[in-house]
Amino acid sequence: MSKNSSKGTNNESHDDNDEEGETSKLFAEVKKSTKEIIDKIKKELTAEEEKKGKLDDNYEKEKITISTIIENAIDVYNSYHSLPPEIFAILEKYEPDYGSKMKEIEEAIRLLDQKKNIAKSDDMDLWIKAREEMKMMLIGKTTFNQLIAAAEEPKDSLHKPHKKNVALDLILWYTGKPIKTLSLEEILRTIQKIWVVANYFHMIDIKKESEDQYHLILKHRQNKRYSNYWLGYFTELLQAEDIPIKCVVEGEAFDETLSLTVKKLHDKSVK
């Protein structure tokens, strides 16, 4: 090694020592609890470097200094404060529920792990995955039993599930209101929400054409027979005795689309 090279190396080492010395002065001024945290982190990172060195003979272990810890802390601080404002707003909103932002972040990481790992998913996340990835559908027990019964009597294959199902139960469950108090729009909006969640349709669009008339476009990935089934189903539902509105239902069935026009005639309570 040349004298100049050796001199350069000595200067770099001297600079490092000066920097570490300055950092040590700062360290001496911080409060005891912070020192304890820094010491704890230093021990953990040093142990981690030792472990890596044992696993790989060619691994060049990093010397863990106070400067290293401060650099990492600044990097984490910078990353945290670079989050978009809307993310900070969410952290602020739910902080009282968790006690601290750190607890919120821990919960968010756990939820992310559940979302990415099927085996760790809770029941709700698992259903969403099954719906989106496996195209699974929810089906009411009554409807399921009627479909089985209809298979034994082909002539009644549509009549049974159209007449006996849990549609009204679902509407009552979702709205939390007595069926007789619901408006036509509330009933249609419930269908829009629940029948997409159940994966019978991947999109339901509702357009209010006038005060008493609505047009629905229901999109699915099945076939025309499927559209015809739901045309009969919704016609039967919206004209059921328990629905508080007298209405007319007209529709067209296509390969992957069902079109429904629902017109309110009058409230059944009005004689």
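Every read-out reported here was derived from the displayed coordinates using simple, explicitly stated rules and does not represent laboratory data. Because the structure is predicted, anything quoted here is derived from the model rather than measured. Every residue, glycine among them, receives a Cβ derived from its backbone with ideal geometry; neighbour counts consider all protein chains shown.
Positive end of the dipole of region 84-136 (Cβ unit charges, origin at the Cα centre): among W127, P85, L112, the Cα lying farthest that way belongs to W127.
If you bin all the Cα-Cα distances of region 141-267 at 10 Å, starting from zero, the percentages per bin are 13, 44, 37, 7, 0. Placing one equal scatterer on every Cα of region 36-146 and applying the Debye formula, the log10 ratio I(q)/I(0) at q = 0.13, 0.16, 0.18 Å⁻¹ is -0.84, -1.01, -1.08.
Restricting the calculation to Cα atoms, region 84-136 yields a radius of gyration followed by a Dmax of 13.9, 39 Å. Pairs over the 20 Å Cα-Cα cut-off, from the set K177/K207; K63/K101; K207/K264: K177/K207; K63/K101. Considering every alpha-carbon pair of region 160-200, the percent of pairs per 10 Å bin, from zero through the bin containing the longest distance, is 28, 56, 16. Remark on region 200-271: hydrodynamic radius 12.7 angstrom, per the Kirkwood mean of 1/r across alpha carbon pairs. So what's the gap between the Cα centers of region 178-257 and region 60-118, to the nearest angstrom? Taking the Cα centre of region 60-118 as reference, the centre of region 178-257 is 45 Å away.
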